[in-house]
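In what follows, a single structure is set out as C-alpha cells and then discussed.
The values are calculated or read from the model by the stated rules, or taken from the named source; none is laboratory data. Because the structure is a prediction, the values reported are computed rather than measured. No Cβ is skipped: glycine too gets one built from the backbone with ideal geometry, and neighbour counts run over all protein chains shown. When the accessible area is computed, the model is the full protein with side chains, heavy atoms only, and any ligands, DNA or RNA have been set aside. Shrake-Rupley method; radii C 1.70, N 1.55, O 1.52, S 1.80 Å.
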Amino acid sequence: MGKLKQSIDKVKPHFEKGGKFEKLHSVFDGFYTFLYTPNETSSSGVHIHDSNDSKRTMIIVVLSLLPCCLFGMWNIGYQHALATGGDTSQLLPLFFYGLFAALPQILTAYIVGLGIEFVIAQIRGHEIQEGYLVSGILIPMICPIDTPCWMIAVAVAFAVIFAKEVFGGTGYNFLNVALVARAFLFFAYPSKMSGDNVFVSLGGEHAVDGFTGATPLGQLASGAPGATVTDVLGQPLTFADYFWGFIPGSWGETSTFCILIGMVILLATGIASWKIITSGVAGAFLMSLLAYHFHSDIYPVTMIPPLEQLCLGGFAFAIVFMATDPVTACRTETGKWIYGFLIGVIAIIIRCYNTGYPEGAMLAVLLMNCFASLIDWCVVNSNVRRRMRRTGARAAQ
C-alpha cells in the first residue's frame, strides 16, 4: 500500500493546476481521498482536525447497510425457490442467485449516479462529493428486484440532478436523494412500483417467467377483512417471518432483524440520531394502536397489530436509514423529536387509509423533509422568545 501511495503521489502534480491533466483534477482528487487521508491540513480557521471525514462516515453507513444487503440477496433466491418449488435449504446457491439478480441494479445506480457527479464536479471545478456512496446502494435496495435497469438509470439521473445538484450538491439538498429516485419510479411507472406486488422468480421449470407474489401489505390492503397473509405457496406467514424477513418485498428492507443490526452500528458511531428513531417508532406505534382500536372493514390494514405494523413494509428501513439522514432531517434536538414522531404517524396513516398504496414510509419521509427546516425555525425562534422573556424579567427586577 505504501508503494501504491508513492506511485500516486508521483503523478499527482500532473492533475494539479498547471499540469497537463489539470482538467481531471476533481476525478483524481475523488479517487485519492477515497483511498487515503489527504496530505493537506488546515492551518487556521474554525476547523476540526479529524481523520474521520465525510467519506469515512459514508463508508460506515454503507457497512451498516451490509446485513440488509446480504440478507436481501439471499431472500431473492429464497423467494425464487419457493415460487419454483426449488430447494430452499441451500444457503450459497440462494445467495448467489440473489447476488447476480441484484448486481446489475447496484452497478447501474453507481455508474449513472457517480458519472453525473464526476461530470458536474469537473464543470464546476469542485471536489467529488461523497454523499452518493450511500445513495448508490440505497436506491436498488428499496426497489423491487424486477425493476429494469434502464428505469433505475432514469430515476437516478433525475434524483441526482434535480434533487441534489441543482441545490448545490451534497449537504445542500433538502430531499433524500434515494427516496426521490423511488418516488420518481412510483409516479412515472406506477404499474411497476405500486408496492403491492413484488417479483420473486426469474422463471424456471415450475413457474411462469416473471411470476410475482403479493407482499403482505398488498394482500391485506386488497383482501377481505381479517384475511390470512400467506407466502407464494399459500402458507400462512407469522410474526417471526415478518421480523426475520422471510417475506416478499423490496429486497433490501424486508428483515427487521438486519435493520436493527445496522441501527446499532449507526447509533454506536454517532451517525444516526436516536431521538429521530425513537420518536418515529413511538409515533408509528401509537398511530397503529389507534387504528387497530378503531379498525374498520373498509380499511383492512387497520386490523394489523401495532408490532406487526412496525415490521411490515419499508417502515423500519426508512426510519433507520432514511429519516436519520443528517442533511435532510431536523438539526435542533427538539425538532428531531417532532420530525421523527410525525414521520411515524404519517406513514401509518397513509398505509392504513390509502388502500391504493399500502406503504407510506417513503411519502412520509419526503413530506417531512420539506418541513424539517420549518420545524427547526419554529424551535429556534421559540427558544429565542423564551430567552427574551426571561432576560426581560431579570432586567425588570
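How many Å² of accessible area per residue for the range 93-186, probe 1.4 Å?
Accessible surface, normalised per residue, equals 37 Å².
Keeping all protein chains in place and using 1.4 angstrom, which order do Asp87, Asp376 fall into by accessible surface area, from largest down?
From most accessible down to least: Asp87, Asp376.
Considering the convex hull of the alpha carbon atoms of the range 277-397, report its projected area averaged over all viewing directions, in nm², one decimal.
8.8 nm²
Describe numerically, in nm with one decimal, the distance between label points set 7 Å from Cα along Cα→Cβ at Glu127 and at Phe100.
Distance between label points: 4.1 nm.
Among Tyr339, Pro300, Val365, flag the residue with its Cα farthest along the positive direction of the charge dipole of the range 296-397, charges on Cβ as +1 for Lys/Arg and -1 for Asp/Glu.
Ranked along the dipole, the leading option is Tyr339.
Describe numerically, in nm with one decimal, the distance between label points set 7 Å from Cα along Cα→Cβ at Ser89 and at Ile349.
5.0 nm
Radius of gyration and Dmax for the range 343-396's Cα atoms, expressed in Å?
Answer for the range 343-396, Rg first and Dmax second: 18.4, 60 Å.
Given a 1.4 Å probe and heavy atoms of the protein chains only, how would you sort His293, His80, largest accessible area at the top?
Most to least solvent-accessible, the answer reads His293, His80.
Taking the full set of protein chains and a 1.4 angstrom probe, give the accessible area of Ile349 in square angstrom, rounded to the nearest 10.
We get 70 Å² for Ile349.
Please give the residues of the range 158-186, grouped as numeric ranges, whose backbone N is less than 11 Å from a label point set 7 Å along the Cα-to-Cβ vector of Ser54.
Output list for this probe position: 168-173.
Before I look further, what does the range 263-397 give for accessible area per residue, probe 1.4 Å, in whole square angstrom?
Accessible area per residue: 48 Å².
Order Phe186, Phe243, Phe162, most accessible first, counting only protein heavy atoms with a 1.4 angstrom probe.
Phe162, Phe243, Phe186
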